[in-house]
Amino acid sequence: MHFDLADLRLFIHIGESPSLTQGARRAFLSPAAASARIKALEAQLDTRLLYRDSRGVELTPAGQKLLTHARLIMRQVEYLKAEFTQFGTDSAGHIRIFANTTAVTEFLPEVLAGFLAQRPGVTVDLQERLSRDIVRGVLDGSSDMGIIAGPVEAAGLQVMRFSTDRLVLIVPAGHELAGRKQVTLKQTLAYQHIGLHDGSTLLTFLRDHVERIGQSLALRIQMSSFEAICRMVEAGVGIGIIPESSAIRHSHTMNLVTIELDEPWAVRERSILVRELDALPGTVRALIATLMPQADGTDADGVRG
(Lines give C-alpha, C1' and ligand atoms only; values in the text may rest on other atoms or scores of the structure.)
Protein backbone atom coordinates (compact mmCIF):
# COMPACT_ATOMS: atom_id res chain seq x y z
CA MET A 1 0.00 0.00 0.00
CA HIS A 2 1.47 3.33 -1.11
CA PHE A 3 0.52 6.69 0.39
CA ASP A 4 1.25 9.96 -1.35
CA LEU A 5 2.16 12.70 1.15
CA ALA A 6 0.30 15.24 -0.98
CA ASP A 7 -2.86 13.13 -0.68
CA LEU A 8 -2.47 12.87 3.08
CA ARG A 9 -1.96 16.63 3.34
CA LEU A 10 -5.05 17.19 1.19
CA PHE A 11 -7.09 14.85 3.37
CA ILE A 12 -6.03 16.77 6.50
CA HIS A 13 -7.13 20.05 4.89
CA ILE A 14 -10.51 18.56 3.96
CA GLY A 15 -10.93 16.93 7.37
CA GLU A 16 -10.33 20.26 9.09
CA SER A 17 -12.62 22.23 6.74
CA PRO A 18 -16.42 22.38 6.56
CA SER A 19 -16.44 21.53 2.85
CA LEU A 20 -14.39 19.81 0.20
CA THR A 21 -14.16 23.08 -1.72
CA GLN A 22 -12.53 24.90 1.18
CA GLY A 23 -10.19 21.99 1.85
CA ALA A 24 -9.20 21.92 -1.81
CA ARG A 25 -8.56 25.66 -1.72
CA ARG A 26 -6.20 25.24 1.23
CA ALA A 27 -4.33 22.59 -0.79
CA PHE A 28 -4.27 24.84 -3.89
CA LEU A 29 -6.31 22.37 -5.92
CA SER A 30 -9.58 22.60 -7.80
CA PRO A 31 -12.56 20.86 -6.15
CA ALA A 32 -12.70 18.40 -9.03
CA ALA A 33 -9.02 17.48 -8.65
CA ALA A 34 -9.36 17.18 -4.87
CA SER A 35 -12.45 14.97 -5.24
CA ALA A 36 -10.63 12.70 -7.68
CA ARG A 37 -7.68 12.33 -5.29
CA ILE A 38 -9.96 11.45 -2.37
CA LYS A 39 -11.86 8.89 -4.47
CA ALA A 40 -8.55 7.32 -5.46
CA LEU A 41 -7.53 7.22 -1.80
CA GLU A 42 -10.84 5.56 -0.89
CA ALA A 43 -10.34 3.02 -3.64
CA GLN A 44 -6.84 2.24 -2.43
CA LEU A 45 -8.06 1.73 1.14
CA ASP A 46 -11.23 0.01 -0.04
CA THR A 47 -13.32 2.03 2.39
CA ARG A 48 -15.40 5.21 2.45
CA LEU A 49 -13.68 8.17 4.06
CA LEU A 50 -16.21 11.00 3.62
CA TYR A 51 -19.95 11.50 3.78
CA ARG A 52 -20.88 14.06 1.12
CA ASP A 53 -24.11 16.08 1.11
CA SER A 54 -25.37 19.57 0.27
CA ARG A 55 -24.08 20.93 3.58
CA GLY A 56 -20.50 19.83 2.98
CA VAL A 57 -18.49 16.79 4.03
CA GLU A 58 -18.23 14.78 7.22
CA LEU A 59 -15.63 12.16 8.06
CA THR A 60 -16.71 8.55 8.39
CA PRO A 61 -15.26 6.54 11.32
CA ALA A 62 -12.60 5.27 8.90
CA GLY A 63 -11.96 8.86 7.83
CA GLN A 64 -11.49 9.93 11.46
CA LYS A 65 -8.93 7.17 11.91
CA LEU A 66 -7.09 8.15 8.73
CA LEU A 67 -7.08 11.82 9.82
CA THR A 68 -5.35 10.88 13.07
CA HIS A 69 -2.69 8.84 11.28
CA ALA A 70 -2.26 11.45 8.53
CA ARG A 71 -1.64 14.18 11.11
CA LEU A 72 0.99 12.06 12.84
CA ILE A 73 2.71 11.19 9.56
CA MET A 74 2.81 14.80 8.36
CA ARG A 75 3.98 15.97 11.79
CA GLN A 76 6.86 13.50 11.59
CA VAL A 77 7.70 14.77 8.10
CA GLU A 78 7.84 18.30 9.49
CA TYR A 79 10.05 17.07 12.32
CA LEU A 80 12.37 15.47 9.77
CA LYS A 81 12.60 18.72 7.82
CA ALA A 82 13.26 20.68 11.00
CA GLU A 83 16.01 18.30 12.12
CA PHE A 84 17.91 18.85 8.88
CA THR A 85 17.27 22.59 8.68
CA GLN A 86 20.55 24.33 9.48
CA PHE A 87 21.97 20.90 10.47
CA GLY A 88 19.41 20.15 13.12
CA THR A 89 19.89 23.26 15.26
CA ASP A 90 17.03 24.80 17.24
CA SER A 91 17.21 28.09 15.32
CA ALA A 92 14.43 27.32 12.81
CA GLY A 93 11.12 25.50 12.74
CA HIS A 94 7.45 25.75 13.68
CA ILE A 95 5.91 24.78 17.04
CA ARG A 96 2.22 24.26 17.73
CA ILE A 97 1.23 24.42 21.40
CA PHE A 98 -2.13 23.66 23.01
CA ALA A 99 -2.27 25.14 26.52
CA ASN A 100 -4.65 26.04 29.31
CA THR A 101 -5.82 29.57 30.12
CA THR A 102 -3.19 30.34 32.75
CA ALA A 103 -0.33 29.27 30.50
CA VAL A 104 -1.62 31.25 27.51
CA THR A 105 -2.29 34.46 29.43
CA GLU A 106 0.21 34.42 32.27
CA PHE A 107 3.66 32.89 31.83
CA LEU A 108 3.97 31.69 28.23
CA PRO A 109 3.99 35.17 26.60
CA GLU A 110 7.08 36.14 28.60
CA VAL A 111 8.80 32.80 28.02
CA LEU A 112 8.05 32.85 24.29
CA ALA A 113 9.18 36.46 23.91
CA GLY A 114 12.69 35.62 25.08
CA PHE A 115 12.76 32.29 23.25
CA LEU A 116 11.68 33.75 19.89
CA ALA A 117 13.89 36.84 20.19
CA GLN A 118 16.91 34.52 20.19
CA ARG A 119 15.58 32.41 17.30
CA PRO A 120 14.35 34.56 14.37
CA GLY A 121 13.69 31.46 12.26
CA VAL A 122 11.18 29.93 14.69
CA THR A 123 7.40 30.46 14.49
CA VAL A 124 4.81 29.44 17.09
CA ASP A 125 1.09 28.66 16.93
CA LEU A 126 -0.23 28.98 20.50
CA GLN A 127 -3.86 27.95 21.08
CA GLU A 128 -5.93 28.00 24.26
CA ARG A 129 -7.72 24.67 24.67
CA LEU A 130 -9.62 22.72 27.30
CA SER A 131 -7.66 20.04 29.14
CA ARG A 132 -9.29 17.12 27.31
CA ASP A 133 -8.60 18.79 23.96
CA ILE A 134 -4.96 19.40 24.91
CA VAL A 135 -4.48 15.70 25.65
CA ARG A 136 -6.31 14.67 22.47
CA GLY A 137 -4.35 17.16 20.36
CA VAL A 138 -0.97 15.82 21.49
CA LEU A 139 -2.15 12.23 21.09
CA ASP A 140 -3.40 12.69 17.53
CA GLY A 141 -0.45 14.80 16.42
CA SER A 142 -2.32 18.06 15.87
CA SER A 143 -0.10 19.69 18.53
CA ASP A 144 3.62 19.28 19.20
CA MET A 145 3.22 19.79 22.94
CA GLY A 146 0.58 20.59 25.51
CA ILE A 147 0.63 22.51 28.78
CA ILE A 148 -1.93 21.55 31.38
CA ALA A 149 -2.65 22.05 35.09
CA GLY A 150 -4.05 19.51 37.51
CA PRO A 151 -4.38 15.72 37.34
CA VAL A 152 -3.58 14.26 33.95
CA GLU A 153 -5.08 11.13 32.40
CA ALA A 154 -2.81 10.79 29.40
CA ALA A 155 -2.11 7.17 28.58
CA GLY A 156 0.52 7.00 25.85
CA LEU A 157 1.94 10.46 26.55
CA GLN A 158 5.04 11.60 28.38
CA VAL A 159 4.14 13.90 31.28
CA MET A 160 6.78 16.31 32.63
CA ARG A 161 5.83 18.32 35.72
CA PHE A 162 7.55 21.68 35.87
CA SER A 163 5.80 24.04 38.32
CA THR A 164 2.85 24.53 40.67
CA ASP A 165 -0.29 26.53 39.99
CA ARG A 166 -2.27 27.65 43.10
CA LEU A 167 -5.76 29.12 42.80
CA VAL A 168 -6.81 31.83 45.28
CA LEU A 169 -9.81 34.05 45.92
CA ILE A 170 -9.45 37.81 45.45
CA VAL A 171 -11.83 40.32 47.00
CA PRO A 172 -11.82 44.12 47.24
CA ALA A 173 -10.50 45.79 50.38
CA GLY A 174 -13.29 46.11 52.92
CA HIS A 175 -15.23 43.08 51.64
CA GLU A 176 -16.80 40.95 54.39
CA LEU A 177 -14.53 38.02 53.42
CA ALA A 178 -11.39 40.17 53.48
CA GLY A 179 -10.54 39.25 57.05
CA ARG A 180 -10.63 35.50 56.40
CA LYS A 181 -7.44 33.50 55.96
CA GLN A 182 -9.19 30.65 54.19
CA VAL A 183 -12.52 30.05 52.47
CA THR A 184 -14.09 27.07 50.76
CA LEU A 185 -15.51 27.24 47.27
CA LYS A 186 -19.02 26.81 48.70
CA GLN A 187 -18.56 29.86 50.95
CA THR A 188 -17.70 32.02 47.93
CA LEU A 189 -20.87 31.07 46.07
CA ALA A 190 -23.00 33.43 48.17
CA TYR A 191 -21.34 36.28 46.25
CA GLN A 192 -21.30 37.26 42.60
CA HIS A 193 -18.17 36.20 40.77
CA ILE A 194 -16.10 37.82 38.05
CA GLY A 195 -15.05 35.07 35.64
CA LEU A 196 -13.14 34.43 32.47
CA HIS A 197 -14.78 34.06 29.07
CA ASP A 198 -16.74 30.95 28.10
CA GLY A 199 -14.44 28.26 26.76
CA SER A 200 -11.56 29.15 29.06
CA THR A 201 -10.07 26.19 30.90
CA LEU A 202 -10.24 27.88 34.31
CA LEU A 203 -13.95 28.74 34.05
CA THR A 204 -14.74 25.21 32.88
CA PHE A 205 -12.66 23.81 35.76
CA LEU A 206 -14.47 25.94 38.35
CA ARG A 207 -17.91 25.18 36.96
CA ASP A 208 -17.18 21.46 37.16
CA HIS A 209 -16.30 21.74 40.87
CA VAL A 210 -19.32 23.94 41.59
CA GLU A 211 -21.61 21.36 39.96
CA ARG A 212 -20.05 18.58 42.04
CA ILE A 213 -21.26 20.27 45.23
CA GLY A 214 -24.71 20.82 43.77
CA GLN A 215 -24.41 24.60 43.55
CA SER A 216 -24.36 27.18 40.76
CA LEU A 217 -21.79 29.84 39.94
CA ALA A 218 -23.28 33.34 39.82
CA LEU A 219 -21.29 35.23 37.19
CA ARG A 220 -21.89 38.95 37.13
CA ILE A 221 -19.54 39.61 34.23
CA GLN A 222 -16.97 37.64 32.22
CA MET A 223 -13.64 39.13 31.22
CA SER A 224 -10.89 38.22 28.78
CA SER A 225 -7.91 38.34 31.17
CA PHE A 226 -6.89 38.03 34.80
CA GLU A 227 -5.89 41.68 34.86
CA ALA A 228 -9.42 42.66 33.80
CA ILE A 229 -10.88 40.42 36.52
CA CYS A 230 -8.66 42.13 39.09
CA ARG A 231 -9.80 45.57 37.97
CA MET A 232 -13.44 44.57 38.30
CA VAL A 233 -12.83 43.09 41.76
CA GLU A 234 -10.96 46.21 42.88
CA ALA A 235 -13.95 48.31 41.77
CA GLY A 236 -16.26 46.24 43.98
CA VAL A 237 -18.15 44.55 41.14
CA GLY A 238 -17.65 41.05 42.55
CA ILE A 239 -15.07 38.50 43.68
CA GLY A 240 -12.88 36.21 41.59
CA ILE A 241 -10.80 33.04 41.63
CA ILE A 242 -7.50 33.36 39.79
CA PRO A 243 -3.93 31.96 39.93
CA GLU A 244 -1.91 33.17 42.91
CA SER A 245 0.93 34.44 40.68
CA SER A 246 -1.50 36.76 38.91
CA ALA A 247 -3.06 37.89 42.19
CA ILE A 248 0.35 38.77 43.63
CA ARG A 249 1.43 40.68 40.53
CA HIS A 250 -1.72 42.77 40.28
CA SER A 251 -1.86 43.39 44.05
CA HIS A 252 1.20 45.62 43.60
CA THR A 253 -0.87 48.12 41.60
CA MET A 254 -4.43 47.38 42.79
CA ASN A 255 -6.14 47.37 46.17
CA LEU A 256 -6.94 43.65 46.42
CA VAL A 257 -7.09 41.11 49.24
CA THR A 258 -5.96 37.55 48.53
CA ILE A 259 -7.54 34.66 50.44
CA GLU A 260 -6.44 31.02 50.35
CA LEU A 261 -8.92 28.52 48.95
CA ASP A 262 -9.41 25.64 51.37
CA GLU A 263 -9.84 23.05 48.64
CA PRO A 264 -7.60 20.08 47.74
CA TRP A 265 -7.82 20.96 44.03
CA ALA A 266 -6.66 24.57 44.56
CA VAL A 267 -3.00 23.51 44.26
CA ARG A 268 -2.37 22.05 40.81
CA GLU A 269 0.77 20.70 39.19
CA ARG A 270 1.61 22.19 35.80
CA SER A 271 2.75 19.64 33.26
CA ILE A 272 4.14 19.52 29.73
CA LEU A 273 2.68 16.77 27.56
CA VAL A 274 4.46 15.25 24.54
CA ARG A 275 4.18 11.99 22.66
CA GLU A 276 7.91 11.27 22.89
CA LEU A 277 10.49 13.83 23.96
CA ASP A 278 13.44 12.21 22.17
CA ALA A 279 11.53 12.15 18.85
CA LEU A 280 10.80 15.90 18.88
CA PRO A 281 12.83 18.31 16.73
CA GLY A 282 15.48 20.44 18.38
CA THR A 283 13.29 23.54 18.31
CA VAL A 284 10.57 21.95 20.44
CA ARG A 285 13.07 20.36 22.83
CA ALA A 286 14.75 23.75 23.26
CA LEU A 287 11.44 25.35 24.26
CA ILE A 288 10.74 22.55 26.73
CA ALA A 289 14.21 23.04 28.22
CA THR A 290 13.40 26.75 28.59
CA LEU A 291 10.20 25.96 30.45
CA MET A 292 11.75 23.17 32.46
CA PRO A 293 15.53 23.69 32.81
CA GLN A 294 16.05 20.21 34.24
CA ALA A 295 14.78 18.60 31.02
CA ASP A 296 17.78 16.87 29.47
CA GLY A 297 16.21 14.46 27.03
CA THR A 298 15.36 11.92 29.74
CA ASP A 299 12.20 11.54 31.75
CA ALA A 300 13.50 13.95 34.43
CA ASP A 301 10.72 13.77 37.00
CA GLY A 302 8.22 13.06 34.26
CA VAL A 303 6.49 9.73 33.82
CA ARG A 304 4.85 7.81 31.07
CA GLY A 305 1.11 7.48 31.44
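Quick look at the numbers
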{"item": "Count - residues of the stretch 37-56 that are out of contact with any strand residue (DSSP E or B) (no Cβ under 8 Å at 6 or more places or on another chain) and either in a loop (DSSP other than H, G, I, E, B) or of a type in the set (Gly, Ala, Ser) (or both)", "result": "8"}
{"item": "Tally of residues being outside any loop (DSSP other than H, G, I, E, B) and hydrophobic (A, V, I, L, M, F, W, C) across the stretch 127-165", "result": "11"}
{"item": "One residue from LEU185, LEU202, LEU189 being of a type in the set (A, V, I, L, M, F, W, C), at pLDDT below 95 and within 15 Å of VAL168 (Cα to Cα)", "result": "LEU202"}
{"item": "So LEU291, is it of a type outside the set (Gly, Ala, Ser), modelled with pLDDT under 95 and out of contact with any Pro (no Cβ under 8 Å at 6 or more places or on another chain)", "result": "yes"}
{"item": "Complete set of residues in the stretch 249-273 that are of a type in the set (Val, Ile, Thr) and either in a strand (DSSP E or B) or within 27 Å of the chain's Cα centre (by Cα) (or both)", "result": "VAL257, THR258, ILE259, VAL267, ILE272"}
{"item": "Options VAL183, VAL135: the member that is in contact (Cβ under 8 Å) with a residue 40 or more places away in the chain and assigned by TED's automatic domain parsing to the domain that holds ILE248", "result": "VAL183"}
{"item": "Qualifying residue in the stretch 225-233 (condition: surrounded by 16 or more Cβ atoms within 10 Å (Cβ to Cβ) and in contact with a Gly (Cβ under 6 Å, 6 or more places away or on another chain))", "result": "yes"}
{"item": "Meets criteria (over 22 Å from the mean Cα position of the chain (by Cα) and within 30 Å of GLU269 (Cα to Cα)) for ALA117", "result": "yes"}
{"item": "Unmet criterion (only one of (1) in contact (Cβ under 8 Å) with a residue 24 or more places away in the chain; (2) assigned to a strand (DSSP E or B); (3) exposed (fewer than 13 other Cβ atoms within 10 Å of the Cβ)) for ARG96", "result": "(3)"}
{"item": "Tally, over the stretch 108-150, of residues that are on the phi < 0 side of the Ramachandran plot and out of contact with any strand residue (DSSP E or B) (no Cβ under 8 Å at 6 or more places or on another chain)", "result": "13"}
{"item": "Members of the stretch 30-43 found to be among the aliphatic types (A, V, I, L, M) and surrounded by 12 or more Cβ atoms within 10 Å (Cβ to Cβ), listed by number", "result": "ALA33, ALA34, ALA36, ILE38, ALA40, LEU41"}
{"item": "Residue that is among the small types (Gly, Ala, Ser) and without any contact (Cβ under 8 Å) to a residue 12 or more places away in the chain, where the choices are SER54, SER35", "result": "SER54"}
{"item": "From VAL104, VAL111, residue being in the same structural domain as GLY150 (by TED's automatic domain parsing), surrounded by fewer than 16 Cβ atoms within 10 Å (Cβ to Cβ) and either at pLDDT below 90 or of a type in the set (A, V, I, L, M) (or both)", "result": "VAL111"}
{"item": "Tally of residues being surrounded by 16 or more Cβ atoms within 10 Å (Cβ to Cβ) and within 19 Å of the chain's Cα centre (by Cα) across the stretch 196-222", "result": "8"}
{"item": "Qualifying residue in the stretch 187-205 (condition: outside any loop (DSSP other than H, G, I, E, B), farther than 22 Å from ALA149 by Cα and either without any contact (Cβ under 8 Å) to a residue 40 or more places away in the chain or assigned by TED's automatic domain parsing to the domain that holds ASN100 (or both))", "result": "yes"}
{"item": "Selection status of LEU126, over 14 Å from THR283 (Cα atoms) and aliphatic (A, V, I, L, M)", "result": "yes"}
{"item": "Checking GLU153 against (1) touching a strand residue (DSSP E or B) at 6+ places or on another chain (Cβ under 9 Å); (2) under 30 Å from THR68 (Cα atoms), the condition it does not meet", "result": "(1)"}
{"item": "Some residue of the stretch 10-29 being touching a residue at least 60 places away in the same chain (Cβ under 8 Å) and either assigned to a helix (DSSP H, G or I) or surrounded by 19 or more Cβ atoms within 10 Å (Cβ to Cβ) (or both)", "result": "yes"}
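The values are calculated or read from the model by the stated rules, or taken from the named source; none is laboratory data. On a predicted model such as this, the values are computed, not experimentally measured, just so you know. All Cβ positions, glycine included, derive from the backbone under ideal geometry; neighbour counts span all protein chains shown.
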